[in-house]
Structure formats: structure tokens, C-alpha cells
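Below is one structure, written out as C-alpha cells; comments come after it.
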Amino acid sequence: MSIQTITHVEFHCADADKTAAGLRADHGFTADAPATAPDGVRTVALRQGTIRLRLTSAADPEHPVAEYVARHGDGVAVLALGCADPEAALERAERHGARVLDRAGALIEGFGDTALRLVPLPCDGPAPEPRLLDDLDHVAICLPAGTLADAVRFCEDALGFRTIFEEYIEVGEQAMDSTVVQSASGGATFTLIEPDATRRPGQVDEFLAAHGGAGVQHLAFGTRDIAGAVRAARERGVEFLTTPDAYFDALTERFGETAIPVATLRELHVLVDQDHGGQLFQIFARSTHPRHTYFLELIERQGAGTFGTANIKALYEAVERHSPTGIHRPTAADRPAPAHPKKARAVPAAPEFRLTEAERALLPTPEEVAHYREHGWYLSRKLFSDEELDTLQAATELYYAGHRDRELPVRPPRPASWRPSDGPVQRHNDYVHYESDAIGAILRKPLIGAVAALLAGTGEVRIFQSTLIYKPPVPEEPSNQVPWHFDKHYWQTCTSDEMLTAFIPFHDCRAENGTITMVDGSHRWQELPSGEDSTRHFADRDRSELEDILAANAAHNGQQVHKVPMPIPRGHVSFHHCRTYHGSGPNLASYPRRAVSLHLQDGANEYRGHDRPDGEPVVYNHDVLVRRTDDGRPDYADPRFCPTVWRGRP
């Protein structure tokens with residue numbers, strides 16, 4: 001149900017073709033779909049990376065598109081928010097006071113004349129390469145003085161966003177309040193800005209006056225190579241705001257070594273900021289808008305999760321240097337000077353998780369993330385030290401001996417809960433992260449969450465379940481073989497299709513140990529309708545039946561079954577998508593295979609009702625344990641059972 005991303009941005013323009021030609025020529029956008037022109041309304045669709053723009057113009061001056069342009073000039077009229085369940089998202093928004101503008105189009109009032117459209121998530125493949133820009137990092141929205149608190153409350157209540165940062169910024173006699181709100185997935189971010197009415201009018205006031213009220217001031221496009229993107233855009237004629245040399249002279253003292261050399265930053269006039277997560281690099285294009293309102297930002301994040309607050313003063317000064325003469329600027333006569341001006345304050349939201357530089361070097365590269373999304377699995381670098389795994393194994397021995405730091409408050413419907421009386425079968429024990437503090441402390445390692453966040457493309461990762469596994473060296477034991485299945489079958493009460501599992505062996509895990517084996521690319525298959533209860537656990541089903549289901553689904557998709565065994569060195573971790581078919585063979589070694597399957601959910605995941613074919617509702621084990629949401633559903637973000645292991649941008 002949650003909003004997970006901004007699928008596209010709808011611009012209303014005086015001339016859609018002209019605007020599209022400029023974006024193609026200046027920033028490398030390409031056509032996303034054929035242009036359309038029904039009833040004199042022209043729409044051009046562009047794409048780059050995951051950024052999608054829809055540019056629309058209307059010949060009839062009384063058409064709503066033309067009326068928007070008359071009021072504001074070219075600008076962002078609609079932000080399309082991708083949801084797992086748009087209907088439920090609309091119902092939530094309306095329940096929390098959102099005004100519905102077009103029910104059939106799932107359009108609600110947003111900020112001034114910038115509306116919000118609730119749409120399904122896109123289901124297309126990877127974005128074309130090569131490209132200069134990758135994603136829409138954030139949207140900056142200017143609001144009239146005194147309306148910020150209401151806008152934040154609207155985002156939190158109606159949209160399900162959370163506040164991740166607050167800042168009060170002073171530049172000379174000007175000042176503004178800003179709050180950053182973000183979807184639980186981390187895929188949609190709004191920077192909301194209002195001027196301080198007790199201070200001298202400034203650039204936010206200028207935007208509001210020229211634009212005619214609240215609206216989108218700029219879009220920030222993310223890139224993996226800001227230096228290359230800026231050089232390419234300059235060669236195409238794009239002008240960027242410049243910054244005095246004194247700014248760059250002070251960088252080494254402020255930050256020490258920067259990930260991009262200071263000489264390069266100076267040459268390109270790229271700004272840099274730093275937080276505990278890493279550095280970010282940003283630059284602002286000079287506005288070409290006739291009203292000098294809307295502009296673009298380019299941003300590259302190397303670990304930083306904040307928004308370049310330290311660069312606001314440099315931005316304001318650059319805008320002043322580049323602003324044309326002849327436009328109206330609010331003055332002190334427009335608004336009285338304050339009797340008691342506010343003081344600057346910085347109020348960060350809940351702290352983000354941190355990685356050391358050594359840990360950051362262990363994260364998957366963009367190419368490896370693309371491989372995961374194409375194939376449905378990823379084998380990591382060494383994420384756990386030998387000492388951590390020794391501690392983990394010792395803690396599991398205590399666990400098997402009966403030690404619990406706490407017991408589950410009630411017994412769930414179907415927990416995996418091996419007991420010594422069950423004999424030398426394959427052992428499975430759920431909720432070990434909850435019942436054992438020593439095990440939980442290691443499984444909550446932020447590095448695991450950061451890897452998962454990159455693979456899933458999310459800003460937040462929580463534990464969904466943890467299962468301790470012990471496969472004894474008894475090849476003839478039937479339970480030692482795990483038949484083909486994928487995990488989402490057992491998580492039908494989850495809204496997310498981006499959940500994933502980290503398989504963590506305590507030792508080198510090879511084919512002879514019965515290591516996990518993936519069916520390559522199977523997460524992208526369309527499942528063959530069967531009418532049977534897919535939530536039935538593989539332990540309750542015939543192995544040959546599941547083999548037949550796998551083969552039938554492969555044939556349904558025109559694919560071969562390509563099985564990829566995962567030899568996993570000690571300390572490395574195998575990750576797989578929640579829809580990737582996988583299984584494992586018998587343990588042929590002379591010692592037990594020990595591991596934890598750590599099931600992870602992205603921040604957008606929520607409970608949804610799901611019925612079996614016989615009409616009976618599915619009840620997952622969490623549903624009797626976790627707290628309830630405001631509307632009475634099981635809360636899969638309950639920190640007792642589903643703790644957060646990563647939040648922010650890795």
C-alpha cells in the first residue's frame with residue numbers, strides 16, 4: 001500500500017516539443033514512448049535511468065494545461081507516486097484529509113497547483129545504457145510562510161512519509177525553514193521549504209511571487225559520475241552556477257580528503273558536503289525559465305544521506321550573482337523586519353546507520369547491483385569476520401542447549417522450532433534474532449542492511465524473519481534436501497515484491513555441504529496460475545510435485561531451468577530475491593552445515609490480507625506477535641520483531 005517511488009514527473013509547458021528537445025540536447029534524455037496529441041493536447045514522454053518526464057502542452061487557452069502555464073509558466077504540475085496498491089493509498093490519503101481532484105485518475109491535491117497522482121509501480125526492465133543521469137534524488141518544493149508544518153503533517157499522515165531531517169537556515173538577513181520527508185522505501189523524497197516571515201524576504205519569497213504560490217522549485221537528478229555529467233552538459237551548452245575560489249580553498253580544512261579531487265571540483269564548480277555516512281557532490285544549473293523560478297540540480301552521493309545544508313549559503317550567493325536585473329524582489333517594505341528573529345538550529349531526525357570506509361569498500365558495485373536485478377542473486381564479499389562467526393556459532397550452541405534471553409510472548413501458528421526430541425533431521429528455528437541477544441547483535445550488522453538496501457533499491461531495510469539452520473551429515477535423511485521454492489509464496493501477506501534473503505553460512509559452504517542453489521533469473525518469471533495453495537510449506541509437499549511446478553513455470557516463460565550452485569567462502573553471504581527459485585541438496589560432508597537465513601524486508605513493506613483458495617485468510621507467524629497499525633493491521637515495522645538494520649543511502 002505504501003508509496004515507494006516517484007514513477008514520473010508531469011510538466012505542463014507552453015510547447016512540449018520545444019521543452020523536450022531542450023532536455024534531449026542538454027541532458028541526454030531519450031524518448032520513452034511515442035508522442036501523443038489527442039484533441040490538441042500534445043504529450044512527449046522522456047526517460048533517462050529511472051527518471052521519467054511527461055511534457056504536455058495544450059493549444060486551447062481554456063484547457064487546464066494552458067491555464068496552469070498562464071498562472072505559473074512551464075512547471076511541474078503532477079508528481080506521480082508509485083504504489084504497490086494505488087487504491088489503498090488513495091483510500092488512506094482521503095481518510096487523512098487529502099482532497100481528491102480526480103478519483104478515476106487517482107489525483108489528489110498536493111502543494112499549490114502541483115498535484116499528486118497515485119499510480120502502480122512500473123514493471124519494465126532495466127534502464128537503457130549508457131546514461132549521464134540515474135534517478136530522481138529529491139524534489140524541492142517552496143511553500144508560503146506558515147504552511148510548512150501542515151505540509152509535513154499531510155505528507156506523514158496522508159502519504160505515509162516520515163521526517164528524516166529538519167533545518168533552519170540563515171543567510172545574511174534571509175532565513176528559511178526546511179523539512180525533508182521521505183517514503184518508507186526511501187524512493188520518494190520531498191524537501192519542503194518555507195521562508196521565515198520574521199526575517200528579510202529572500203529567494204524563497206521571490207519564487208513564490210514569480211511562480212504564483214507553492215510549487216516545485218527544482219528537481220535533483222542523481223548521477224554516479226557528477227564530473228562526467230557536468231562536463232557533458234557544459235559541452236551541450238548548459239550553464240551552471242559558479243562558486244568563488246575561496247570556497248574550494250577551504251575544502252581540505254573542512255573535510256580533509258574528498259572523494260573527487262578538489263582540483264576537479266574547482267574546475268567544474270561542484271560543491272561538496274559531508275555527513276557521518278560519507279560525502280555528496282552537487283551543482284545547480286542556471287535557471288532558463290522565463291520567470292527564473294524552476295531549475296535543475298545534479299547530485300552524486302557517496303554515502304551521504306543529507307542534502308548539502310552547508311552549501312546553502314554558497315547556492316544563495318551564486319543565485320544572487322547570476323540573477324538577472326529587472327525582476328521583482330520582495331523587500332523589507334513588503335514585510336516588516338523582525339522584532340525577535342529566530343536563531344539558526346539544525347535538528348537531524350533519527351540517526352542513520354554508519355559504515356566505516358573499509359565496510360564501504362565491501363558494498364556491491366553498480367554493475368553487481370544490475371547483475372542481482374537481472375539474475376536474482378548476489379554473492380557478496382567477506383562481510384563477517386572469523387571472530388564474528390565464531391561468536392555466532394558459540395551462541396547457536398547455547399541456543400540449541402536451551403538458552404533463551406527471552407521467549408516469544410505467544411506461540412505463533414506455525415513456527416519452525418526444532419527440539420532435541422525431533423532427532424537428527426535438518427533443524428530450523430525461527431525468531432533467533434529475537435530470542436538470542438548474541439545472535440541478534442550479529443545479524444543486525446548494518447553492513448548487511450546496507451548491501452540489502454543497494455540490491456533492493458530502498459532506503460530502509462528491516463529484518464522480517466531469521467531462521468537458524470543445521471543440516472546434519474546424514475545424506476539419506478529426507479529433510480536434508482530442500483526442494484525448489486521461492487520465499488514470497490510464504491509471505492503472501494506482504495505488499496512488497498522487493499524482499500530478499502541473506503544466506504549466512506558459518507563456514508565454507510560448497511556443493512558437498514548441500515549449499516544453496518539458485519534458478520538463474522527465475523525472479524523475473526510470470527507465475528503460471530494453478531489455483532492451488534502456494535502458501536503451503538515445501539516440507540508439506542512432494543519433491544517431485546515441486547520439480548514439476550518449477551519446470552512448468554519455466555516453460556510458461558519460455559525459459560530453461562538454469563541451476564546455479566553457490567559456493568560461499570566463510571564470511572561471505574549469498575543474497576537472493578524473494579521470487580528467485582532456490583533449493584539445496586543433501587549434506588555429503590562429514591560435519592554439519594550451519595547457517596542462518598536472514599529474511600529482509602524493504603521499508604515500504606506492509607501487511608495486506610490474503611486468502612487461500614478455500615477462502616480462509618492466511619495468517620503469518622508475525623500476525624499474532626507484532627503490534628497493530630492505526631487501522632488495526634499487523635505492523636511489520638514493529639521494532640521488537642522486525643528491527644531496522646539499515647536506514648539511509650549506502
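Among the residues of segment 20-34, is there at least one that is open to solvent by 20 Å² or more (accessible area, probe 1.4 Å), assigned to a strand (DSSP E or B) and at pLDDT 95 or above?
no
Give the residue, chosen from Ala304, Ala318, Ala332, that is within 25 Å of the chain's Cα centre (by Cα), at pLDDT below 90 and open to solvent by less than 70 Å² (accessible area, probe 1.4 Å).
It is Ala304.
Specify which of the listed residues (Glu206, Glu253, Glu194, Glu235) is closer than 29 Å to Ala361 by Cα and over 23 Å from the mean Cα position of the chain (by Cα).
Step by step, each of Glu206, Glu253, Glu194, Glu235 is checked, and only Glu253 is closer than 29 Å to Ala361 by Cα and over 23 Å from the mean Cα position of the chain (by Cα).
For segment 446-462, what are the residues that are over 9 Å from Trp646 (Cα atoms) and surrounded by fewer than 24 Cβ atoms within 10 Å (Cβ to Cβ)?
Leu454, Gly457
Name the single residue that is farthest from Arg360 (Cα to Cα) among those in segment 418-464 being of a type in the set (Val, Ile, Thr) and in a loop (DSSP other than H, G, I, E, B).
The selected residue is Val425.
Filter segment 129-147 down to the residues that are in a strand (DSSP E or B) and out of contact with any Lys or Arg (no Cβ under 9 Å at 6 or more places or on another chain), then identify the one that is most open to solvent (accessible area, probe 1.4 Å).
Filtering first and then ranking leaves Asp135.
Which residue pairs have Cβ atoms closer than 9 Å, lie 6 or more positions apart in sequence or on different chains, and pair a first residue in segment 241-254 that is farther than 27 Å from Tyr294 by Cα and open to solvent by less than 50 Å² (accessible area, probe 1.4 Å) with a second residue that is in a loop (DSSP other than H, G, I, E, B) and modelled with pLDDT of 90 or more?
Correct list of pairs: Leu251/Thr258.
Of the residues Ala197, Ala250, which single one is over 30 Å from Thr147 (Cα atoms), at pLDDT below 95 and of a type in the set (A, V, I, L, M, F, W, C)?
When all the criteria are applied, what remains is Ala250.
Within segment 179-212, track down each residue that is of a type in the set (Ser, Thr, Tyr) and in contact (Cβ under 8 Å) with a residue 40 or more places away in the chain.
Selection gives Ser183, Ser185, Thr189, Thr191, Thr198.
Have a look at Leu53, Leu81 and point out the one that is part of a strand (DSSP E or B), buried (at least 23 other Cβ atoms within 10 Å of the Cβ) and at pLDDT 95 or above.
The conditions single out Leu81.
Answer yes if at least one residue in segment 95-110 is in a loop (DSSP other than H, G, I, E, B), charged (D, E, K, R) and closer than 25 Å to Gln182 by Cα, and no otherwise.
yes
Select, from Val645, Val626, the only residue that is surrounded by 20 or more Cβ atoms within 10 Å (Cβ to Cβ), free of Cβ contacts under 8 Å to residues at least 40 places away in the same chain and within 24 Å of Gly440 (Cβ to Cβ).
Val626
Inside segment 544-650, counting only strands (runs of 3 or more DSSP E) that do not spill past its ends, which hold 1 or more residues that are aromatic (Phe, Trp, Tyr) and under 30 Å from the mean Cα position of the chain (by Cα)?
Strands (runs of 3 or more DSSP E) meeting the threshold: 572-577, 644-647.
So which of Arg47, Arg92 is within 24 Å of Thr495 (Cα to Cα) and either of a type outside the set (S, T, N, Q) or not in a helix (DSSP H, G or I) (or both)?
It is Arg92.
Quick check on segment 465-477. Is at least one of its residues under 22 Å from the mean Cα position of the chain (by Cα), modelled with pLDDT of 95 or more and either part of a strand (DSSP E or B) or of a type outside the set (Lys, Arg) (or both)?
Yes: one or more hits.
What number goes with the only condition from (1) in contact (Cβ under 8 Å) with a residue 24 or more places away in the chain; (2) open to solvent by 10 Å² or more (accessible area, probe 1.4 Å) that Gln282 does not pass?
(2)
So, in segment 158-170, exactly how many residues are closer than 24 Å to Thr644 by Cβ, in a strand (DSSP E or B) and not polar (S, T, N, Q)?
5
Any idea which residue in segment 191-210 is surrounded by the most Cβ atoms within 10 Å (Cβ to Cβ), counting only those that are touching a helix residue (DSSP H, G or I) at 6+ places or on another chain (Cβ under 8 Å) and over 18 Å from Gly308 (Cβ atoms)?
Pro195
Among the residues of segment 381-427, write down those that are hydrophobic (A, V, I, L, M, F, W, C) and farther than 27 Å from Ile448 by Cα.
Matches in segment 381-427: Ala401, Val410, Val425.
Restricting to segment 575-626, name every residue that is more than 22 Å from His523 (Cα to Cα), among the small types (Gly, Ala, Ser) and at pLDDT 90 or above.
Passing the criteria: Ala589, Ser590, Ala595, Gly609.
Considering only segment 434-458, state which residues are without any contact (Cβ under 8 Å) to a residue 60 or more places away in the chain and closer than 23 Å to Ser183 by Cβ.
None; the set is empty.
Would you check which residues across segment 148-176 are open to solvent by less than 10 Å² (accessible area, probe 1.4 Å), within 24 Å of Asn311 (Cα to Cα) and at pLDDT 90 or above and list them?
Once the filter is applied, which keeps residues that are open to solvent by less than 10 Å² (accessible area, probe 1.4 Å), within 24 Å of Asn311 (Cα to Cα) and at pLDDT 90 or above, segment 148-176 yields nothing.
Considering only segment 496-522, how many residues are open to solvent by 10 Å² or more (accessible area, probe 1.4 Å) and in a loop (DSSP other than H, G, I, E, B)?
Number satisfying all stated conditions: 6.
Residues in segment 606-623 that are of a type in the set (Gly, Ala, Ser) and open to solvent by less than 50 Å² (accessible area, probe 1.4 Å): how many?
Of the residues in that region, 1 qualify.
The values are calculated or read from the model by the stated rules, or taken from the named source; none is laboratory data. Since this is a predicted model, take the numbers as computed values, not measurements. Cβ: placed from backbone, ideal geometry, glycine included. Neighbour counts: every protein chain shown. Surface accessibility is based on the protein's heavy atoms, side chains included, excluding ligands, DNA and RNA. Shrake-Rupley method; radii C 1.70, N 1.55, O 1.52, S 1.80 Å.
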